Amino acid sequence: MDIKISPSILSANYANLGAELAKCSAAQLIHLDVMDGHFVPNISIGPPVIKALNKFCDIPFDVHLMISEPLKYIEAFADAGADIITFHVECDSDVNETINKILECGCRASLSVKPNTPIEAVYPYIDRLSMVLVMTVEPGFGGQSFMADMMPKIEKLRADFPDIDIQVDGGVNAETIKTCAKAGANVFVAGNAVFSSENPSATIETLMRNAKENFRN
Ligand code: DX5
Ligand code: ZN
């Protein structure tokens with residue numbers, strides 16, 4: 001199974017995002033956190049910034065929508081260059097309609113669960129998803145502590161769906177990535193771990209090595 005490291009630019013220097021992105025050439029995905037100040041208490045970036053960044057980056061973009069009404073904005077994010085659109089099963093939009101819209105727009109659909117949501121919440125939609133995101137922090141901010149008690153959700157999902165991409169997001173670093181990989185996750189978001197390190201490129205390589213060494217098929 002493919003292992004992917006996905007740096008989250010939420011922890012990057014927003015005054016110089018182009019240069020920050022250039023440090024991620026070893027990554028397999030780029031994670032873009034979109035927050036509306038309603039679904040989560042924080043506000044981040046929207047389609048114009050993603051569109052600008054997409055122009056000089058060949059790595060696929062995974063746009064993580066932490067917004068209450070994702071359905072309203074799918075077209076805008078697809079136009080901005082999203083390859084994967086991840087949204088939350090807890091949102092206010094109709095989940096089926098939102099997945100349909102993502103697929104109609106030519107993107108891959110991914111569904112996420114917050115820490116208090118059981119993993120079974122994504123099961124009715126699984127056939128049309130290319131990825132499931134298991135949050136290992138409460139969404140909203142970078143740099144929070146990893147919640148190891150989310151691992152049983154990953155183990156169950158991996159046992160039930162051996163082929164789906166399982167992503168983890170929140171507090172992933174060179175140590176916690178081992179725990180996630182052992183549980184069966186194969187796509188790893190890392191914000192603080194990458195962008196607060198002296199050598200983001202070397203950190204991405206370390207994350208990849210530790211994930212590969214610990215991933216259980
Ligand atoms: C949190 C975001 C994450 C965040 C992760 O709500 O969804 O993608 O950037 O940051 P770290 O890796 O620092 O926990
Ligand atoms: Zn995220």
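Report, by residue number, each residue of the stretch 10-50 that is in contact with an Asp or Glu (Cβ under 6 Å, 6 or more places away or on another chain), in a loop (DSSP other than H, G, I, E, B) and within 16 Å of ligand 2 (Cβ to nearest atom).
Correct list: Ala12, Leu29, Ser44.
How many residues does the stretch 158-183 hold that are over 11 Å from Met147 (Cα atoms) and open to solvent by 10 Å² or more (accessible area, probe 1.4 Å)? If you could, list the steps in order and put the result at the bottom.
Step one: list which residues in the stretch 158-183 are over 11 Å from Met147 (Cα atoms), which gives 158-167, 173-175, 177-178, 181-183.
This time we only want the ones that are open to solvent by 10 Å² or more (accessible area, probe 1.4 Å), so: 158-165, 173-175, 178, 182.
Selection size over the stretch 158-183: 13.
Kindly provide the set of residues from the stretch 121-148 that are away from ligand 1 (no atom under 16 Å from the Cβ) and part of a helix (DSSP H, G or I), ordered by number. Can you show your working first?
Here is the first cut: in the stretch 121-148, the residues away from ligand 1 (no atom under 16 Å from the Cβ) are 121-130.
Listed by number, the residues that qualify are Ala121, Val122, Tyr123, Pro124, Tyr125, Ile126, Asp127, Arg128.
Answer with yes or no whether Ile166 is farther than 19 Å from Ala26 by Cα and not in a helix (DSSP H, G or I).
Details: farther than 19 Å from Ala26 by Cα: yes; not in a helix (DSSP H, G or I): yes.
So Ile166 fits the description; yes.
Checking Ala193 against (1) closer than 18 Å to Ile30 by Cα; (2) in contact (Cβ under 8 Å) with a residue 60 or more places away in the chain: exactly one of these is not met. Which one?
Exception for Ala193: condition (2).
Going residue by residue through the stretch 36-44, is there one that turns out to be polar (S, T, N, Q), open to solvent by 30 Å² or more (accessible area, probe 1.4 Å), within 26 Å of Ala174 (Cβ to Cβ) and within 14 Å of ligand 1 (Cβ to nearest atom)? Show your work before the answer.
Looking only at the stretch 36-44, we keep the residues that are polar (S, T, N, Q), and these are 42, 44.
This time we only want the ones that are open to solvent by 30 Å² or more (accessible area, probe 1.4 Å), so: 42, 44.
Filter again for within 26 Å of Ala174 (Cβ to Cβ), leaving 42, 44.
Pick out the ones that are also within 14 Å of ligand 1 (Cβ to nearest atom) and you get 42, 44.
Yes, the stretch 36-44 contains at least one residue that is polar (S, T, N, Q), open to solvent by 30 Å² or more (accessible area, probe 1.4 Å), within 26 Å of Ala174 (Cβ to Cβ) and within 14 Å of ligand 1 (Cβ to nearest atom).
Give the residue, chosen from Ser8, Ser25, that is within 9 Å of ligand 1 (Cβ to nearest atom) and either among the small types (Gly, Ala, Ser) or surrounded by fewer than 19 Cβ atoms within 10 Å (Cβ to Cβ) (or both).
Details: Ser25 fails: within 9 Å of ligand 1 (Cβ to nearest atom).
Just a single option satisfies the conditions, and that option is Ser8.
Just for the stretch 73-96: of the residues that are outside any loop (DSSP other than H, G, I, E, B) and surrounded by fewer than 16 Cβ atoms within 10 Å (Cβ to Cβ), which one is nearest to ligand 1 (Cβ to nearest atom)? Quick ask: steps written out before the conclusion?
Here is the first cut: in the stretch 73-96, the residues outside any loop (DSSP other than H, G, I, E, B) are 73-80, 84-88, 95-96.
Checking which are surrounded by fewer than 16 Cβ atoms within 10 Å (Cβ to Cβ) leaves us with 75-76, 79, 96.
Working: Glu75: 22, Ala76: 19, Asp79: 22, Asn96: 23 Å.
Once the filter is applied, the top-ranked residue is Ala76.
The values are calculated or read from the model by the stated rules, or taken from the named source; none is laboratory data. Owing to the predicted nature of the structure, the values given are computational and were not obtained by experimental measurement. No Cβ is skipped: glycine too gets one built from the backbone with ideal geometry, and neighbour counts run over all protein chains shown. Surface areas here come from the heavy atoms of the whole protein model, side chains and all, with no ligands, DNA or RNA. Shrake-Rupley method; radii C 1.70, N 1.55, O 1.52, S 1.80 Å.
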